[in-house]
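S.K.: Input: one structure, supplied below.
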Amino acid sequence: MNFLLMGLPKSGKSTLFNSLTKAKHQDIYTETRTGIVKVPDPNLDLVSNWYEADKKVNGEMTLNDPETNLNFETSSDFIEKKYLSEIQKFDGVILVIRDFKNDSVIHPYNKIDCVNDFEQFTIESRLIDVQIIEKRIENIRRSFKSLTKQEREKGEKNIELLSEVSDLIEKGESFSSPLFTDIHKSVIGSTFLLAKAPIVVVVNNSEGEIISESKEGVLKKLLRKDGRLISLSLGLEEELSKMSNSDADEFRKDLGFENNQLGNIFSDLLKVSNTICFLTAGKKECRSWLLKKGSSAVEAASKIHTDIARGFVRAEVIHNKDLIKYKNEKEARDKTAIKREGKQYIIKEGDVVNFLFSV
Ligand SMILES: Nc1nc2c(ncn2[C@@H]2O[C@H](COP(=O)(O)OP(=O)(O)OP(=O)(O)O)[C@@H](O)[C@H]2O)c(=O)[nH]1
Ligand SMILES: [Mg+2]
């Protein structure tokens, strides 16, 4: 999974990236930074403790932090134009909006107003989507010369449908509205559009402050139903990420925060992108893997290795909470608690899977 950080200049994108990837703070970056983050998985912790495993490997996702916007005093873009040409490679977006007060950090609109910023984002994201669709239409037109009459007619039909989608987005219709028909959705296919891309909005508060209920309420209303909103102080989180886990936990307690706020972002990222974690486990290594919800056993196998998928014989499956009721794996096998499943079995969150295959 590959997420792009978006937000106005100086909203806190790089600060969030630093906290999640443990990268060093630098004021200016002249290239996109790509970092891998380990996705926490409590089921993995449980199972690797139970196995007393030698090695524990978390699932991973990729974050992309756009280069520093050097025109920040004049730019009010949530994303620089150059990213539009590569936007198709991302699976989702983390939008950072500023709510922290700090006179030494400029705001492109010269006022701290996260609701206004979010409204501006909504307007800009529609324009971006319209541009993405225009580009697809252009590509179809460009291919016309080399097409047969029949293919060209299909192309014309697709252009018509894409234009309808573009008009609906421009009018601010939500992608979940019935005005977007299945035919519209199928012509859009896997094209990345902000109107439907998985999105987590991070409201960046001042240190030690939380967002007011009224502001949060307004933002949640403005956000798509399938998006998630999280509110925390990224400045504070960056400081905490430099401490040892126990020091950070103690500090959090002193501030009155119950749990690791930043950790919550992962469950939101998984949720918006319809992703679950399944496990492979043994004494040598316990490992968590990210998988699209609704995937079959053979699709899960291909996450690990194409050979395992190709030579798939069956999957031995047990949910981690059931597994740890037994003394050890042998007992779970003797009591036939581990089920044999075929290629089409739908993997569930927290399943521990052993793939049997022959190549
Ligand atoms: N006080 C305070 N300052 C913050 C907070 N988050 C970020 N900052 C400061 O705001 C400045 C900008 O933060 P960045 O994370 O670099 O912002 P950005 O979105 O990456 O900005 P560009 O890359 O320039 O577009 C930095 O000096 C941060 O230290 C916060 O929660 N509180
Ligand atoms: Mg930055």
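The values are calculated or read from the model by the stated rules, or taken from the named source; none is laboratory data. As the structure is a prediction and not an experimental result, all values here were calculated from the model. Using ideal geometry, Cβ is built from the backbone for each residue, glycine included, and neighbour counts are taken over all protein chains shown.
S.K.: If Leu270 satisfies every condition in (1) within 12 Å of ligand 1 (Cβ to nearest atom); (2) touching a residue at least 60 places away in the same chain (Cβ under 8 Å) but one, which is the exception?
M.R.: (1)
S.K.: Return the pair list, or none, for Cβ contacts closer than 7 Å from residues in region 9-32 that are in the same structural domain as Cys114 (by TED's automatic domain parsing) and in a loop (DSSP other than H, G, I, E, B) to residues that are among the small types (Gly, Ala, Ser) and more than 7 Å from ligand 1 (Cβ to nearest atom), at least 6 apart or on different chains.
M.R.: Matching pairs, first to second residue: Pro9/Ser75; Lys22/Ser241; Ala23/Gly35.
S.K.: What number of residues in region 74-92 are more than 15 Å from ligand 2 (Cβ to nearest atom), in contact (Cβ under 8 Å) with a residue 24 or more places away in the chain and not polar (S, T, N, Q)?
M.R.: Qualifying residue count, region 74-92: 6.
S.K.: Here is a follow-up. Can you find a residue that is of a type in the set (Gly, Ala, Ser) and farther than 21 Å from Lys135 by Cα anywhere in region 185-203?
M.R.: Taking region 185-203 as the starting set, the residues that turn out to be of a type in the set (Gly, Ala, Ser) are 186, 189-190, 195, 197.
When the remaining residues are screened for being farther than 21 Å from Lys135 by Cα, the result is none.
Within region 185-203, none of the residues are of a type in the set (Gly, Ala, Ser) and farther than 21 Å from Lys135 by Cα.
S.K.: State the number of residues belonging to region 333-358 that are in contact with a Gly (Cβ under 7 Å, 6 or more places away or on another chain) and within 11 Å of Ser295 (Cα to Cα). Give the derivation first.
M.R.: Of all residues in region 333-358, those in contact with a Gly (Cβ under 7 Å, 6 or more places away or on another chain) come to 346, 357-358.
Subsequent filtering for residues that are within 11 Å of Ser295 (Cα to Cα) retains 346.
Going through region 333-358 one residue at a time, the tally reaches 1.
S.K.: Let me ask something else. Looking only at residues in region 309-341 that are β-branched (Val, Ile, Thr) and within 35 Å of the chain's Cα centre (by Cα), which one is surrounded by the fewest Cβ atoms within 10 Å (Cβ to Cβ)?
M.R.: Keep residues of region 309-341 that are β-branched (Val, Ile, Thr), which gives 313, 317-318, 324, 336, 338.
The next check asks that each one be within 35 Å of the chain's Cα centre (by Cα); those that pass are 313, 317-318, 324, 338.
Numbers: Val313: 12, Val317: 21, Ile318: 23, Ile324: 17, Ile338: 20.
Step by step, filter region 309-341, then rank; the result is Val313.
S.K.: From the list Asn43, Asn18, which one is surrounded by 20 or more Cβ atoms within 10 Å (Cβ to Cβ), closer than 30 Å to Gln88 by Cβ and either at pLDDT below 95 or in contact with an Asp or Glu (Cβ under 9 Å, 6 or more places away or on another chain) (or both)?
M.R.: Values: Asn43 fails: closer than 30 Å to Gln88 by Cβ.
Asn18 is the lone residue from the list that is surrounded by 20 or more Cβ atoms within 10 Å (Cβ to Cβ), closer than 30 Å to Gln88 by Cβ and either at pLDDT below 95 or in contact with an Asp or Glu (Cβ under 9 Å, 6 or more places away or on another chain) (or both).
S.K.: Here's something else I'd like to know. Between a residue in region 294-319 that is outside the structural domain of Lys330 (by TED's automatic domain parsing) and any residue that is in a helix (DSSP H, G or I) and of a type in the set (S, T, N, Q), which pairs come within a Cβ distance under 9 Å, given they are 6 or more apart or on different chains?
M.R.: none
S.K.: Here's a follow-up. Within region 170-189, is there a residue that is outside any helix (DSSP H, G or I), in contact (Cβ under 8 Å) with a residue 60 or more places away in the chain, among the aromatic types (Phe, Trp, Tyr) and buried (at least 17 other Cβ atoms within 10 Å of the Cβ)? Break it down into steps so the answer makes sense when it comes.
M.R.: Kept after step one, since they are outside any helix (DSSP H, G or I), are these residues of region 170-189: 171-181, 189.
Going one step further and asking which of them are in contact (Cβ under 8 Å) with a residue 60 or more places away in the chain, we end up with none.
So far as region 170-189 goes, no, none of its residues is outside any helix (DSSP H, G or I), in contact (Cβ under 8 Å) with a residue 60 or more places away in the chain, among the aromatic types (Phe, Trp, Tyr) and buried (at least 17 other Cβ atoms within 10 Å of the Cβ).
S.K.: If you don't mind, there's one more thing I want to ask. Taking region 10-32, which residues are in contact with a strand residue (DSSP E or B) (Cβ under 8 Å, 6 or more places away or on another chain), more than 10 Å from ligand 1 (Cβ to nearest atom) and farther than 17 Å from Asn245 by Cβ?
M.R.: Here is the first cut: in region 10-32, the ones in contact with a strand residue (DSSP E or B) (Cβ under 8 Å, 6 or more places away or on another chain) are 10-17, 20-21, 23, 29, 32.
From the residues that got through so far, the ones that are more than 10 Å from ligand 1 (Cβ to nearest atom) too are 20-21, 23, 32.
Once the filter is applied, which keeps residues that are in contact with a strand residue (DSSP E or B) (Cβ under 8 Å, 6 or more places away or on another chain), more than 10 Å from ligand 1 (Cβ to nearest atom) and farther than 17 Å from Asn245 by Cβ, region 10-32 yields Ala23, Thr32.
Yes or no, residue by residue, for (1) in a loop (DSSP other than H, G, I, E, B); (2) among the aliphatic types (A, V, I, L, M); (3) out of contact with any helix residue (DSSP H, G or I) (no Cβ under 8 Å at 6 or more places or on another chain):
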{"position": "Val93", "(1), (2), (3)": "no, yes, yes"}
{"position": "Asn110", "(1), (2), (3)": "yes, no, yes"}
{"position": "Ser125", "(1), (2), (3)": "no, no, yes"}
{"position": "Asp129", "(1), (2), (3)": "no, no, no"}
{"position": "Ile133", "(1), (2), (3)": "no, yes, no"}
{"position": "Arg152", "(1), (2), (3)": "no, no, no"}
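S.K.: Would you mind telling me which numbered condition in (1) surrounded by 19 or more Cβ atoms within 10 Å (Cβ to Cβ); (2) within 16 Å of ligand 1 (Cβ to nearest atom); (3) more than 21 Å from Phe100 (Cβ to Cβ) Tyr51 fails?
M.R.: So Tyr51 meets the others, but not (2).
S.K.: Considering only residues that are among the acidic types (Asp, Glu) and within 16 Å of ligand 2 (Cβ to nearest atom), look in region 1-57 and name the one that is nearest to the chain's Cα centre (by Cα). Show your work before the answer.
M.R.: As a first pass, look at region 1-57 and keep what is among the acidic types (Asp, Glu): 27, 31, 41, 45, 52, 54.
Filter again for within 16 Å of ligand 2 (Cβ to nearest atom), leaving 27, 31.
Working: Asp27: 25, Glu31: 21 Å.
Per the criteria, the residue is Glu31.
S.K.: Going through region 231-278 one residue at a time, which ones are more than 22 Å from Lys22 (Cα to Cα) and under 20 Å from the mean Cα position of the chain (by Cα)?
M.R.: Matches in region 231-278: Lys271, Val272, Ser273, Asn274, Thr275, Ile276, Cys277, Phe278.
S.K.: Search region 58-72 for residues being assigned to a strand (DSSP E or B) and within 16 Å of ligand 2 (Cβ to nearest atom), and hand back the single one that is nearest to Val105 (Cα to Cα). Steps first, answer last, please.
M.R.: Our first condition is that a residue be assigned to a strand (DSSP E or B); within region 58-72, this holds for 59-65.
Of the ones still in play, those that are also within 16 Å of ligand 2 (Cβ to nearest atom) are 63-65.
Working: Leu63: 24, Asn64: 22, Asp65: 19 Å.
Out of the qualifying residues, it is Asp65.
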